[in-house]
Amino acid sequence: MPGGVGAPEAEGSPDEGGIAGFSREEMHALLAEMLLYRRFEEKAEEAYAIGKIGGFCHLHIGQEALSAGAIGPLRSDDQVITAYREHTQAIAKGISPRAAMAELFGRVDGCSGGRGGSMHLFDPSVGFYGGHGIVGGQIPLGAGLAWAIRYRGGDQICLCFMGDAAVNQGAFLESLNMSAIWQLPIIYVVENNGYGMGTAFSRVSVTEMESRSGAYGIPAHTVDGQDVLECYRFFEALAEEVRGGDGPHFVNAVTYRFRGHSMSDPVSGTYRSRKEVESQKRERDPISLLRDRMFEAGLLTPEELQAHDDRARELCADAADFADSSPTPDPATLYDHVYAEVGDRGRLFLDGRDAARAAAGGAGR
Ligand SMILES: Cc1ncc(C[n+]2csc(CCOP(=O)(O)OP(=O)(O)O)c2C)c(N)n1
Ligand SMILES: [Mg+2]
């Protein structure tokens, strides 16, 4: 849900009611937002466990600061495209928890009409272009979105998220090169949680993540993806630079996933120890980090925290009830919204072309 945090009024100290230039209200908004994301994912986890959600489902728990801190500063007409771990990013860009949850449940009131599921949340009306299951598949599409912005003379920007494993895809290299040549208004953000499924990034790369855009002359940055205040300020400034014509940028956002790769995978396993996960959860939880800073600065009371959490749980319970009461799509509409239609001969592909030929008086193949 964008627009929760505005520009800071003044560089503040705790005494003035803020930390690092954030007002008390802005920090409360960020905390409430991240709690909503956490509770949404927990509700999805619960719904998956009782069979309400089918197919794949990848949770963003542990990485919430990047949704609040990178998407939060964007304008509502800016564009976001991402991979499949995207529930909270979709909500951050403006898809309602109800429409997101209904999509996870495969229901008609889902943002993709119940046809996309967890990996394919989509709503161009809020500038959210998916939700893509092919690792790296969204990267050239992101370059295309940015190219379209430029072609139409707009001043929007595109934020293209990817996981660390995606930077080894050929599409990443081609997209960065073309973006640099055309100086496109795009920020490529790697949510670097250290692993692609069970493979540590260090096993598939002899170079550091930040060096990956250097060959294309694209400036690179590293941010602490668990520090929502740092992320927010960083992306707020960078978005304006890119909007002003600075060309593409590449951001290595260091983060960590607290759950297994997907709902069907264990939290730890042979590729990472339980000890590692536990220490990350204890020391690097983005919500606890912000909460504790606010407590220490006297900007948050336990009652206020409880109220934010109650509200988050309420919204997510409401989203799940809404999703559950929404109907499943009518089977008769199965072939709606697909590029190729079923023709007289019942085939899925090329029939549209055949039908056009037939209408023009030509013979079909
Ligand atoms: C082209 C392609 N190859 C393989 C897969 C199988 N696969 C699904 S997720 C994944 C790992 C991706 O990891 P990363 O990009 O780091 O994202 P994360 O899951 O950590 O968010 C792989 C290999 C796929 N979906 N697409
Ligand atoms: Mg990863």
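Values quoted throughout were computed directly from the atomic coordinates according to the rules given, and no laboratory measurement underlies them. Since this is a predicted model, take the numbers as computed values, not measurements. Reconstructed Cβ throughout: ideal geometry from the backbone, glycine too, with neighbour counts over all protein chains shown.
Quick query: amide H of GLY18 versus all other amide H atoms, modeled in the peptide plane; which residues come in under 5 Å with a sequence gap of 5 or more or a different chain?
SER13
Which far-off residues, 5 or more places away or on another chain, put their amide H under 5 Å from the one on ASN193, with H placed in the peptide plane?
ASP164, THR255
Once phi is turned into ³J(HN,Hα) by the Karplus curve 6.51 cos²θ - 1.76 cosθ + 1.60 with θ = phi - 60°, what whole-Hz value does each residue of the stretch 127-143 show in order, with x for glycine and proline?
So the Karplus estimates, Gly and Pro as x, are x, 10, 9, x, x, 9, x, 7, 4, x, x, 7, 5, x, 5, x, 4 Hz.
Going by average Cβ neighbours within 10 Å, how do the peptides 174-181, 139-146, 272-279 rank, with the highest at the top?
139-146, 174-181, 272-279
What are the ³J(HN,Hα) values, in whole Hz, obtained from phi via the Karplus relation 6.51 cos²θ - 1.76 cosθ + 1.60 with θ = phi - 60°, for each residue of the stretch 54-64 in sequence order, with x given for Gly and Pro?
Coupling constants for the stretch 54-64: x, x, 7, 7, 10, 8, 9, 4, x, 10, 4 Hz.
Give me D for the chain in µm² s⁻¹, whole number, from Stokes-Einstein with Rh from the Kirkwood sum over alpha-carbon pairs, 25 °C and 0.890 mPa s. Numbers along the way, then the final one.
On the way: Rh = 21.6 Å.
Reported coefficient: 114 µm²/s.
Ignoring everything except DSSP H segments at least 4 long, calculate the 222 nm mean residue ellipticity for the chain; use -39,500 (n - 2.57) per segment, divide by total residues, nearest 500.
Roughly -12000 deg cm²/dmol at 222 nm, from the helical runs in the chain.
Would you please report the Å³ per residue occupied by the convex hull of the alpha carbon atoms in the stretch 193-267?
Spread over its residues, the Cα hull of the stretch 193-267 gives 106 Å³ apiece.
Sort MET101, MET263 so the one with the fewest other Cβ atoms within 10 Å of its own Cβ comes first. It would help to have the intermediate numbers written out before the result.
Details: MET101 31, MET263 17.
By the 10 Å Cβ count, ascending: MET263, MET101.
Build a GNM of the chain with springs between Cα atoms under 10 Å: which of GLY217, GLY247, GLY130 gets the top mean-square fluctuation?
Judging by the Gaussian network model, the answer is GLY217.
Set Lys and Arg Cβ to +1 and Asp and Glu Cβ to -1, take the dipole of the chain about its Cα centre, and tell me which of PHE122, HIS132, ALA237 lies farthest positive.
Selected residue: HIS132.
State the antiparallel share, in %, of DSSP beta bridges confined to the chain, rounding to the nearest 5.
Approximately 20 percent, going by the DSSP bridge assignments.
For TYR335, TYR48, which order do you get if you count the other beta carbons within 10 Å of each Cβ and list the fewest first?
Ordered by Cβ neighbours within 10 Å, fewest first: TYR335, TYR48.
In debye, nearest 20, what is the charge dipole magnitude of the chain about its Cα centre with +1 on Lys and Arg Cβ and -1 on Asp and Glu Cβ, if you could check?
Dipole about the Cα centre, nearest 20: 1540 debye.
Quick one: Karplus J couplings for the stretch 150-167, per residue in order, coefficients 6.51, -1.76, 1.60, θ = phi - 60°, nearest Hz, x for Gly and Pro?
After applying 6.51 cos²θ - 1.76 cosθ + 1.60, I find 4, 4, 8, x, x, 10, 7, 10, 10, 10, 10, 7, 7, x, 5, 5, 5, 6 Hz.
Based on other C-beta atoms within 10 Å, arrange ILE61, ILE157 from fewest to most.
Arranged by neighbour count, lowest to highest, ILE61, ILE157 become ILE61, ILE157.
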